[in-house]
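Since the structure comes first, as structure tokens, the remarks are kept for the end.
The values are calculated or read from the model by the stated rules, or taken from the named source; none is laboratory data. On a predicted model such as this, the values are computed, not experimentally measured, just so you know. Every residue, glycine among them, receives a Cβ derived from its backbone with ideal geometry; neighbour counts consider all protein chains shown. Note: areas computed on protein heavy atoms with side chains; ligands, DNA, RNA excluded. Shrake-Rupley method; radii C 1.70, N 1.55, O 1.52, S 1.80 Å.
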Amino acid sequence: MVEGDGGAEPDDTMRERVPENSRKFWLLLDADRRLVAGLLLGSVFVTVVAAGLLHPTPVKTLLTRGDPLETLYQALVGSTITGVTLVLTLSQLVLSQEQGPVGDQRERMEGAMAFREDVEEVIREPVSPAQPSAFLRSLVKLTKRRAQAVEDAVADIDDDELSEQVGTYVENLSGNAESVTENLEGSQFGEFDVVFSALNYNYSWKIYAARRIRAENDAALTDDARAAFDELIDALELFGPAREHFKTLYFQWELADLSRTVLYASVPALAVAVGSVLFFDPGDVAQGWLALLVAAVTVVVILLPFAVLLSYILRIVTVTKRTLSIGPFILRETDRSRSLDWGETEATSGEHAGVDDEE
């Protein structure tokens, strides 16, 4: 791998780059948000029931001593209304980005069209794909073709070290590009698959590595080889803003979906909360365990909007954290014990350096 700034090449896929275990990663990103919300609510239900049954004081005494449930329900009513208000604020924030005078809308349109024309010029197509997945797929395929052009351009240069560096680089880029292209095939925008597949293309490190190889071997490169490197870097640099644009659109889509879902969930939550305050008295239930189950179920229903909100925000903030920077900037640590100089290991195990891409 390319040595520089004390860094080691990070893995290509986001799963390999993220330090969390597979279950946590699945919960944060892969899992359906409705399932995540259900798991959160299930955990609350089990915890409440288990605590009530395992407590040394009888359940009936716990629920009827004072007014714990009435106090809880009143607090949950207030928090549910506050949560709905927060979601409405988020909805207004999303809508505000789509509203504006005609001059602003025209400027946005011109910027989008200018970028598409830049991509069309690079991919040498009269019209770039309209679907986000196809658009990203065309850019990924382009980087693979240009990487292979770099390998062909240095094939005639009598420099074994350069050939080995380029060969390893192109092999890694091509493998990553093929995997991402396959995952993008048939993906529909609005689902997380498009953004997740794009996150698995480690373009930042590829830009850094290509620029590093070119700079270190500039004297040995021919004019054709330099031009091939420049074209590859240009293609990789186009992928960055394209991915960020679609990521932003996905976040807006997700926030709009979140707002609608929370508003739907708030109706039964408020109904159960108000009904529980007015009509549910655990003292009227003969069996203490039955009263505990009713209390746990009502609490779970009232917490439904919060669980939905939490499940969506978990994924949004996780992706945001992993894509804070655009381009090859150093934001987190990576292990120096991994290969540094395209297969040569120099550092001792456990030593760390701060080279990695934005993910």
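Quick check on my filter: what residues within the range 35-54 are more than 13 Å from residue 302 (Cβ to Cβ), open to solvent by 60 Å² or more (accessible area, probe 1.4 Å) and touching a residue at least 24 places away in the same chain (Cβ under 8 Å)? Listed by number, the list holds a single entry, 53. Residue 202 satisfies every condition listed in (1) free of Cβ contacts under 8 Å to residues at least 12 places away in the same chain; (2) under 17 Å from residue 244 (Cβ atoms) except (1).
Scan the range 213-227 for residues that are open to solvent by 10 Å² or more (accessible area, probe 1.4 Å) and either assigned to a helix (DSSP H, G or I) or over 18 Å from residue 154 (Cα atoms) (or both) and the total you get is 7. Being at pLDDT 65 or above and in contact with a helix residue (DSSP H, G or I) (Cβ under 7 Å, 6 or more places away or on another chain), is that true of even one residue in the range 328-340? No: the range 328-340 contains no residue that is at pLDDT 65 or above and in contact with a helix residue (DSSP H, G or I) (Cβ under 7 Å, 6 or more places away or on another chain). When the range 244-278 is limited to residues that are among the hydroxyl-bearing types (Ser, Thr, Tyr) and in contact (Cβ under 8 Å) with a residue 24 or more places away in the chain, the one that is most open to solvent (accessible area, probe 1.4 Å) turns out to be 261. Of the residues making up the range 206-247, just one is more than 26 Å from residue 113 (Cβ to Cβ) and touching a Pro at 6+ places or on another chain (Cβ under 6 Å), namely 208. All told, residue 290 falls short of being closer than 20 Å to residue 48 by Cβ, open to solvent by 10 Å² or more (accessible area, probe 1.4 Å) and either aromatic (Phe, Trp, Tyr) or modelled with pLDDT of 90 or more (or both).
Based on what the data block shows, is residue 57 over 29 Å from residue 246 (Cβ atoms), at pLDDT 85 or above and either in a helix (DSSP H, G or I) or open to solvent by 30 Å² or more (accessible area, probe 1.4 Å) (or both)? When the stated conditions are applied, residue 57 passes them. If you go through the range 152-162 one residue at a time, do you hit one that is over 30 Å from residue 311 (Cα atoms), crowded, with 22+ Cβ neighbours inside 10 Å, of a type outside the set (Asp, Glu) and at pLDDT 90 or above? No. Going through (1) out of contact with any Ser or Thr (no Cβ under 7 Å at 6 or more places or on another chain); (2) at negative phi one by one, residue 124 falls short only on (2). Looking at (1) more than 28 Å from the chain's Cα centre (by Cα); (2) under 19 Å from residue 248 (Cα atoms); (3) surrounded by 14 or more Cβ atoms within 10 Å (Cβ to Cβ), can you tell me which one residue 104 breaks? Every listed condition holds for residue 104 apart from (3).
Scanning the range 143-155 finds one or more residues that are polar (S, T, N, Q) and either within 30 Å of residue 213 (Cβ to Cβ) or not in a helix (DSSP H, G or I) (or both). Against the condition open to solvent by less than 10 Å² (accessible area, probe 1.4 Å), closer than 21 Å to residue 234 by Cβ and either of a type in the set (S, T, N, Q) or in contact with a Lys or Arg (Cβ under 9 Å, 6 or more places away or on another chain) (or both), how does residue 136 come out, does it pass? Spelling it out, residue 136 is indeed open to solvent by less than 10 Å² (accessible area, probe 1.4 Å), closer than 21 Å to residue 234 by Cβ and either of a type in the set (S, T, N, Q) or in contact with a Lys or Arg (Cβ under 9 Å, 6 or more places away or on another chain) (or both).
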